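Undergrad: Below is a structure I'd like to ask you about.
FYI, it's all coordinate maths here, none of it is from the lab. For clarity, every value in this text was computed on a predicted model and none was experimentally measured. Cβ sites come from the backbone with ideal geometry, for glycine too, and all protein chains shown count toward neighbours.
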């Protein structure tokens, strides 16, 4: 796993691992099976890392949005309040995508 976790890259690694395992099953090659299991495990771990990262980013968006919404409501700044509500909803959506 290089760089930041990435769902697309993770799914590609997992699919590659599944294909390698299938080749190993069809040919009886233990090295293909082993390599496939390894790639699939790496892909699954990277996917979970990407989910955690996305969920954390959503949480930060929700908190910042809630803060802006509250400050906007207290100060009467409807633009800030609306912007905060939008950011909060964006954060909720990001959390839902990364459960």
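Undergrad: Identify, by number, the condition in (1) surrounded by 15 or more Cβ atoms within 10 Å (Cβ to Cβ); (2) not in a helix (DSSP H, G or I) that residue 81 doesn't meet.
TA: (2)
Undergrad: Follow-up question, since we're still on this one. Looking only at residues that are under 20 Å from residue 98 (Cα atoms) and surrounded by 14 or more Cβ atoms within 10 Å (Cβ to Cβ) in the range 25-47, which one is nearest to the chain's Cα centre (by Cα)? Don't jump to the end; show me each part of the working.
TA: Restricting attention to the range 25-47, the residues satisfying the condition of being under 20 Å from residue 98 (Cα atoms) are 40-47.
Next, only the ones that are surrounded by 14 or more Cβ atoms within 10 Å (Cβ to Cβ) stay: 40, 42-47.
Details: 40: 17, 42: 15, 43: 12, 44: 11, 45: 11, 46: 9, 47: 7 Å.
The residue in question is 47.
Undergrad: Related question: I need a count of the residues in the range 1-59 that are more than 30 Å from residue 88 (Cβ to Cβ) and in a loop (DSSP other than H, G, I, E, B). Working first, answer last.
TA: Taking the range 1-59 first, the residues more than 30 Å from residue 88 (Cβ to Cβ) are 1-2, 12-45.
Still in the running and in a loop (DSSP other than H, G, I, E, B): 1-2, 28-29.
Final tally of qualifying residues: 4.
Undergrad: Out of the range 10-24, which residues are surrounded by 18 or more Cβ atoms within 10 Å (Cβ to Cβ) and either closer than 13 Å to residue 47 by Cβ or out of contact with any helix residue (DSSP H, G or I) (no Cβ under 9 Å at 6 or more places or on another chain) (or both)?
TA: Narrowing the range 10-24 to residues surrounded by 18 or more Cβ atoms within 10 Å (Cβ to Cβ): 10, 13-14, 17, 20-21, 24.
Scanning the range 10-24 gives 10, 13, 14, 17.
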